[in-house]
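First up is the structure itself, then whatever we jot down about it.
What follows is calculated from the coordinates using simple rules that are stated; it is not laboratory data. Owing to the predicted nature of the structure, the values given are computational and were not obtained by experimental measurement. For neighbour counting, all protein chains shown are included, and Cβ atoms are generated from backbone atoms with ideal geometry for every residue, glycine included.
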Amino acid sequence: MSQAVTPTQREIFFDPDSFIVSKTDLKGRLTYTNKIFCDIAGYTEKELIGQPHSTIRHPDMPRAVFKLLWDSIQDGREVFAYVKNMARNGDHYWVFAHVTPSYDNAMQVCGFHSNRRVPKRDVVEKVITPLYADLIRVEASFRNAKEGLGASYQHLLKTATASKASYDEFVFSL
């Protein structure tokens, strides 16, 4: 299903009482999507199951945010993040994501679970969009992608902890 999708710059909004839900395996391949996820993303469940969650990744999302997310959940910690996703037709939608590890009966991490809800609009516009644009600029300012990611990640952590708060405290203070 790897078709190139061009961003349209049109935003999709969803009901504030709705939750987008998905589950993935340890490699980030979708194992479950709810109807709201499918409807907003523009894919059928059959098309999504087995595909990487990154199928809906918007190019405006800094890699540093995903590094923070993956580092947290692979370490067994939950994480909250603002994420800009892209629908099949190139439209985008913002979510406030809560991602947690899923455990099997032996208490081993066996996958990940994400609930996404409508984010605070003013936070997206006044804080997150400019911050993510800065992170993308930092990432692009390095010829070496790994160095760009490292610098962007450090910038994200520095921004989040500027008020002597953790990343989680930063996100919830918005």
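Using the rule -39500 (n - 2.57) for each DSSP H run of four or more residues, divided by the residues of the chain, the 222 nm mean residue ellipticity is -9500 deg cm²/dmol.
Other residues with beta-carbon under 10 Å from the beta-carbon of residue 145 carry, at +1 per Lys or Arg and -1 per Asp or Glu, a net charge of +1.
The mean sequence separation of alpha-carbon pairs under 8 Å and at least six residues apart, normalised by the residue count of the chain, gives a relative contact order of 23 percent.
Near residue 32, the amide H atoms lying under 5 Å from its own belong to 23; only residues 5 or more places off or on other chains count, and H is placed 1.01 Å from N. Counting Lys and Arg as +1 and Asp and Glu as -1, what is the net charge of the other residues whose Cβ lies under 14 Å from the Cβ of residue 74? Neighbourhood net charge equals -1.
Computed from backbone phi with θ = phi - 60° and the Karplus coefficients 6.51, -1.76 and 1.60, the 3J(HN,Hα) list for region 101-107 is x, 9, 10, 8, 5, 8, 6 Hz; x is used for glycine and proline.
Overall form of the chain: rounded. Here a/c, set by the Cα gyration tensor axes a ≥ b ≥ c, is under 1.5. Across region 110-127, coupling constants 3J(HN,Hα) worked out from phi with the 6.51/-1.76/1.60 Karplus curve, θ = phi - 60°, read 10, x, 9, 10, 9, 10, 10, 10, 5, x, 6, 4, 5, 5, 4, 6, 8, 10 Hz, and Gly and Pro carry x.
Taking a ≥ b ≥ c as the square roots of the eigenvalues of the alpha carbon gyration tensor, region 45-104 is oblate, as a/c is not under 1.5 and a/b does not beat b/c.
Proximity of backbone amide H atoms, modeled 1.01 Å from N, is registered between residue 58 and 86 at under 5 Å, excluding neighbours fewer than 5 places apart on the same chain. Could you give the distance between the Cα centres of region 19-63 and region 106-174, to the whole Å? A separation of 20 Å, based on Cα centres. Loop-located chymotrypsin sites (Phe, Trp or Tyr not before Pro) across region 1-31 with a Cβ neighbour count of 10 or fewer within 10 Å are 13, with loop assigned by DSSP. With the Cα gyration tensor of region 127-167 giving a ≥ b ≥ c as the square roots of its eigenvalues, does the rule (a/c under 1.5 for rounded; else a/b larger than b/c for prolate; else oblate) give rounded, prolate or oblate? The shape class here is oblate. Less than 5 angstrom separates the built amide H of residue 110 from those of 102, 103, 104, all sequence-distant by 5 or more or on a different chain. Among 60-69, 99-108, 38-47, the peptide with the highest mean count of other Cβ atoms within 10 Å heads the list, and the full ranking is 60-69, 38-47, 99-108.
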